[in-house]
Structure formats: C-alpha cells, structure tokens
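Asks: This is the structure I want to talk about, given as structure tokens.
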Amino acid sequence: QRCVVLRFLKSPPNQNKTSEEILHHLQNIVDFGKHVMKQFFGENYVHHGEIIQLPLDFVRQLCLKIQPERPESRCDKDMDALSGYAMCLPNLTRLQTYRFVEHRPILCIEIKPKCGFIPFSSHVSQEIKHKVCRYCMHQHLKVANGKWKRPSKYCPLDLFSGNKQRMHFALKSLLQEAQNNLKIFKNGELIYGCKDDQDCVSDWNELARHLKPFFFPSNGLISGPHCTRTIVKELIHVITMTLLSSTDACRAGDMKTVPISQGRSYCEASAFNKELVRNGKHKLESSGLPRGCLLYKTLQAQMLDMLDIEGLYPLYSRVEQYLEEFPEERSTLQIDGPYNEAFYEKLLDISTEDDGTVAFALTKVQQYRIAMTAKDCSIMIALSPCLQDECSEQRSVVLTSKSRFTFSVSVLDLDLKPYESIPHQYKLDGKIVNYYLKNVQAKDDPVMSSLFKENEDCTLVLHKV
C-alpha cells in the first residue's frame, strides 16, 4: 500500500550475526548513501532509505514465502530472520517524483552500465588494457566459464560516449543480450531480462506486445515485425533521452572532477567500432555527456579509480602491513565506517603523487572502493504516460512520435564494496587480461594466430631482394 521495498541482510548459513552487528551494518549502508553517494550523484538520484524494526513473526513468514522465488544461485545465503531489522526504501520501479499518477501504468528500465572508461594509469602493465575495456574482455572469460552462452555486443564506452548513434547501438545490444545488465518492469513486474545466470532468448515480439500501449496508445496502428522494430526503436530513443537529461539541480558535491579526456573514448573491441573500421571510417565521435546527467556523475565516480587495480594493489598491501602492526588503528582509519562527512572529505584529494605514507595509500584505497561501487551500480528509469495538459513545467517529460512520458531517474546498488575484496579484484583482473590475450587477441591477430597453431608444418620462403 505504501509502495515501499524492504531490504534484509543476507549471510552464509553459519555466520549468524548478533542483532547489534546487523543494525550496525544496516546503519553503515544508510550513512554511506546519505553522506557519501548523495554527494557524488546528487539529491534526486540517491534514495538511502531508513532502518525499521519489524515483528519477528512477520519476518519469519516472509522468509518462508519468498524462499521458493529466490534464484538457485542466490540460495547460498540466508535472509536475516532473527534481528527484525530491515531497510525501508522507495520502490524504484515506480515514479519517484509525482505521487498522483500512480494509477497510470508504469514502465521501468533497469540498466547496469558497468565501467565506462579505459584505464589511463601508467601502472598498467599490459598494453591491451589501454585499448580494450574491462567489460568487453570479461565477456569472453564469462562465456568460457559457462556463465553466458554468447558474448554481448554491448560496450559501456558506447553508452557513456554521449553520442546518440553509439548510445542507440549500446542499448540495442543490451536488449539483444540482456544478461545481468538490463531488466524491464511493467507495474513492478519483471517482463524482460534474465532472472538468473541462464540463456535468455530475447523475445522482442513479446516485449513489443507489452510496450505497444505505451508507445502507440491508439492501438492497432501498426503490427507485424515492422511494429516490433518501431517499438524497440522508440524505447531506445526514450531511454537515451532520459539518460542524457538532468533532473538534479545541484552539481555533484564539491568533488574536483577527474578530466574525462584522460582516457581514450572508444574501445577497440566494441562491435560499433569494428563496424566503423570495416566501413573504412576510423573516427569515432564522442559527443561527451551533459554535466548534470546521471551517466556523467556515474563516470566521474568511476574515474576515482585513477591508478587501476595494478597501481592500487601495492598501496592496499601498505595499509595491510600497517594494520598488522597496529590492528587497533582500523577504526581510526574508518575502514569499516562510520561513513560520515569526515569520511567523504578525505575522498576529495585526487592527487596521484605517492608520498609513501599510509594516509596516501588509504585515501587511494577508499577512492577505489567508491569507484568499484559506481562501476556496479544500477540506473532505474521509471516512465509513465501523461496527457499534454498534465505536463506542467515542474515535471520532467520526454516525447516520442505518438506519446509523452513523465519520468524519474534513480540510482541503486550503492553499497560500498568491501575492503577485503581488493585481492580478489587484483587476481580477477589478471585472469581476464590473460584469457583475452591468449584466446581472443591471438585469434584476431593473423600473425599471432599462426604462431599459436600447434603441430603444423611451416615453410619459410625466401625471396631474392
């Protein structure tokens, strides 16, 4: 009735935390959203929620009710049913700004854009990381490990380019191979996208059937494959326009921004880029993102990863060594919170000159954790049809050929990435790059590919010069 979401902590079966620990953990999540991520993304985009206590009987019943609905891959953790604490958050599949249109049908698109830049750090040891983005490399490893059946043509750099043609291509690729990066809800119900790590056959006709009343309200105007293409095109147009819009008046905090021009603006593995090269064009336009839009703010937060994991890992080791000697300093260094204004203030130093101190190392480690959080966040776009006379000045509106929508854009999945996950990130980075070099780039490069073919007779032909 209140259109809210309850969020409970989950933990491995043998790790029962006390009620105090659970309350502390939830408080950290709320504080981090409120004092840190709100500064980066702006007031309108971040909903940090509040902690509430529920009757234990209600929580136990809820646990039993939702257990059969949980995907198998998530069942290695149990929902906390002992403390009664939960976070209460707005339901972001609904419009966040205008309560009185709740009776209208609502469409919500959830996008996980992933990392939108190529590392520019001098600490990078493999040249390929300066050319091909992390997402495109990781796709090949995921397919090899059986997580997905096919690699996606989506490249985050296309979405973050601000160039409408590239953005359209990126969104179309996401719709073709949604994986874990795109979901569509209608009135809060998932109608498109993967429920789990499985082979998702994208049924555009089924999607078009759901979307037709939104985009062609007079119905029956168009049908058949042409209709499906038209509706998908309209959807992509609307998503692009909302992503480029700015619905937040405030500039993101007083963060000194990392110049976006530092990294190259395209990825050599992007299907869009390859298509251009095939057609004899080598110039990839990057229009740049409007400063107020959520994609721009997301990219700025991601680019706090200035040293790349290769440059950061030695600094993490420095902090670890210090903590081994002085374990009592852990709380002073605010590694596990509290995430307050003082924590945010320390993040504002974007110098990369290492002075050998633990303070410098810790700042870079905390900035990296923020960047990792921004690389893994989700953007929620809620759309609701509105009539011409309803669309007043105060409301964000986007138009299509036959419809107009009010919309709200929010960001979620903003829990700070754990300090302890840094060694895992370091190992994973090496795995992704090595797999790509050995199995993908080697095949793409004709000279390399011939070297990798084993047990073949080779003839060396010498020409007289």
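Asks: Just checking, how many residues over the stretch 134-152 are open to solvent by 10 Å² or more (accessible area, probe 1.4 Å) and farther than 19 Å from Ser378 by Cα? Steps first, answer last, please.
Replies: Of the stretch 134-152, the ones open to solvent by 10 Å² or more (accessible area, probe 1.4 Å) are 134-136, 138, 140-152.
Going one step further and asking which of them are farther than 19 Å from Ser378 by Cα, we end up with 140-151.
Counting residues in the stretch 134-152 that are open to solvent by 10 Å² or more (accessible area, probe 1.4 Å) and farther than 19 Å from Ser378 by Cα gives 12.
Asks: Residues that are farther than 26 Å from Lys129 by Cα and at pLDDT 90 or above: list the helices (runs of 4 or more DSSP H) wholly contained in the stretch 304-410 that include at least 3 such residues. Steps first, answer last, please.
Replies: Values: elements: 308-325, 341-346, 358-375.
Where helices (runs of 4 or more DSSP H) fall fully within the stretch 304-410 and carry at least 3 residues being farther than 26 Å from Lys129 by Cα and at pLDDT 90 or above, they are 308-325, 341-346.
Asks: Would you kindly identify the strands (runs of 3 or more DSSP E) lying entirely within the stretch 10-115 that contain at least 2 residues that are open to solvent by less than 90 Å² (accessible area, probe 1.4 Å) and within 30 Å of Leu211 (Cβ to Cβ)? Write out each step before concluding.
Replies: Working: elements: 50-53, 85-90, 107-111.
Result: 85-90, 107-111.
Asks: Is it the case that some residue within the stretch 417-432 is touching a strand residue (DSSP E or B) at 6+ places or on another chain (Cβ under 8 Å) and modelled with pLDDT of 95 or more?
Replies: Kept after step one, since they are touching a strand residue (DSSP E or B) at 6+ places or on another chain (Cβ under 8 Å), are these residues of the stretch 417-432: none.
No; the residues of the stretch 417-432 include none that is touching a strand residue (DSSP E or B) at 6+ places or on another chain (Cβ under 8 Å) and modelled with pLDDT of 95 or more.
Asks: Restricting the stretch 117-128 to residues that are open to solvent by 10 Å² or more (accessible area, probe 1.4 Å) and within 21 Å of the chain's Cα centre (by Cα), which is nearest to Leu412 (Cα to Cα)? Give the derivation first.
Replies: Here is the first cut: in the stretch 117-128, the residues open to solvent by 10 Å² or more (accessible area, probe 1.4 Å) are 117, 119-120, 122-128.
Filter once more, keeping what is within 21 Å of the chain's Cα centre (by Cα): 117, 119-120.
Values: Phe117: 20, Pro119: 24, Phe120: 27 Å.
Checking each candidate, the answer is Phe117.
Asks: When you look at Leu312, is it open to solvent by less than 50 Å² (accessible area, probe 1.4 Å) and in contact (Cβ under 8 Å) with a residue 40 or more places away in the chain, yes or no?
Replies: Numbers: open to solvent by less than 50 Å² (accessible area, probe 1.4 Å): yes; in contact (Cβ under 8 Å) with a residue 40 or more places away in the chain: yes.
The answer is yes for Leu312.
The values are calculated or read from the model by the stated rules, or taken from the named source; none is laboratory data. Everything numeric here is computed off the predicted structure, so don't read it as measured data. Every residue, glycine as well, gets a Cβ built from its backbone with ideal geometry; the counts of neighbours run over all protein chains shown. The area values use the complete protein model at the heavy-atom level, side chains included, leaving out ligands, DNA and RNA. Shrake-Rupley method; radii C 1.70, N 1.55, O 1.52, S 1.80 Å.
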